[in-house]
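Below: one structure, written as structure tokens.
Readers should treat all values here as calculations from the given coordinates under stated rules, not as data from a laboratory. For clarity, every value in this text was computed on a predicted model and none was experimentally measured. All Cβ positions, glycine included, derive from the backbone under ideal geometry; neighbour counts span all protein chains shown.
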Amino acid sequence: MKFKRYKHARKLISFYKMNYGVREPYQVLVDGTFCQAALKGKIYIKEQLPKYIGSSVQILTTRCAIEETRSIGDDLIGALLVAKRFQQRNCGHKHKCIPAADCFTSLIGNDNSNHYFVATQDVELRRKLRRIPGVPLLYINRNTIVLEGVSDTSRDQAKQIGVEKVQPTKYQQSVLDSLGSELAETTKKPKRKKIKGPNPLSCKKKSKITGPFAAKSPGIVGKGRKRRIRKCRQQAAYLLSKVPVPSSD
Ligand SMILES: [Zn+2]
């Protein structure tokens with residue numbers, strides 16, 4: 001079960017890595033509500049968060065989040081002590097603190113360019129951050145840390161980025177267009193194939209036949225033919241020898 005949870009988390013993180021450039025060490029913004037839930041669930045954030053995410057993690061909070069937790073009073077004194085242990089990210093609200101939800105939203109901006117993760121039990125804040133693409137959200141459910149599934153906004157944006165990546169640039173498009181017109185021209189006028197003669201290497205050179213048979217059998221060569229001619233001559237000579245010679249009387 002544990003293995004499945006970890007595997008699922010790694011899969012989600014690889015999505016953010018691939019599509020939104022999230023890099024290690026992951027920066028996790030933590031508020032007082034998350035610290036309180038961790039205390040209740042006996043979760044040691046510094047140890048269990050990197051284990052769950054599977055990488056080095058920089059746990060951060062803001063002055064606004066600490067002041068908000070402090071303002072609630074004794075009920076959250078434990079959460080306050082936990083939150084104060086984390087590094088405070090300068091949020092720009094030094095002189096006048098604002099609610100943690102607004103503070104985190106301002107740090108995330110429109111595109112979460114600093115690749116923050118946000119760990120909170122504030123349902124309203126999570127709902128707000130789902131509308132911003134590329135914000136991984138963490139919360140605690142039944143004594144376990146959970147990385148929320150990818151929001152529709154993040155998924156749609158990732159698809160859009162993927163489409164844009166495969167689309168050619170203006171210059172590439174112009175080159176493709178010119179190539180296309182050239183190709184169209186060449187396909188219009190197909191090159192006529194030259195009629196080639198027989199392969200000269202495969203043709204045997206004709207030898208000239210001289211003598212009385214040259215006119216009758218042009219191009220005939222070979223020992224067999226010569227032998228037959230010789231045989232005919234011999235037969236003719238033999239027959240002639242058998243013919244009685246008429247006497248001179
Ligand atoms: Zn702030």
**Q.** Cross-link pairs beyond the 24 Å C-alpha cut-off, checked among Lys42/Lys84; Lys11/Lys46; Lys11/Lys84
**A.** Lys11/Lys84
Q: Could you tell me which trypsin sites (Lys or Arg not before Pro) in the stretch 1-68 are loop residues by DSSP with no more than 14 other beta carbons within 10 angstrom of their beta carbon?
A: Arg23, Lys42
Q: Provide the per-residue ³J(HN,Hα) series for the stretch 18-32, in order, calculated from phi with Karplus coefficients 6.51, -1.76, 1.60 and θ = phi - 60°, each as a whole number of Hz, with x at glycine and proline positions.
A: 5, 9, 10, x, 5, 10, 6, x, 5, 9, 10, 8, 10, 10, x
Q: Tally the DSSP beta bridges in the stretch 2-162 and give the antiparallel ones as a percent, rounded to 5.
A: 25
Q: For the stretch 101-158, just list the percent of Cα-Cα distances falling in each 10 Å bin from zero outward, please.
A: 24, 58, 17, 1
**Q.** Backbone HN-Hα couplings from phi across the stretch 62-74 [Karplus 6.51/-1.76/1.60, Hz, Gly and Pro as x]
**A.** 10, 4, 4, 5, 5, 5, 5, 5, 4, 5, 6, x, 5
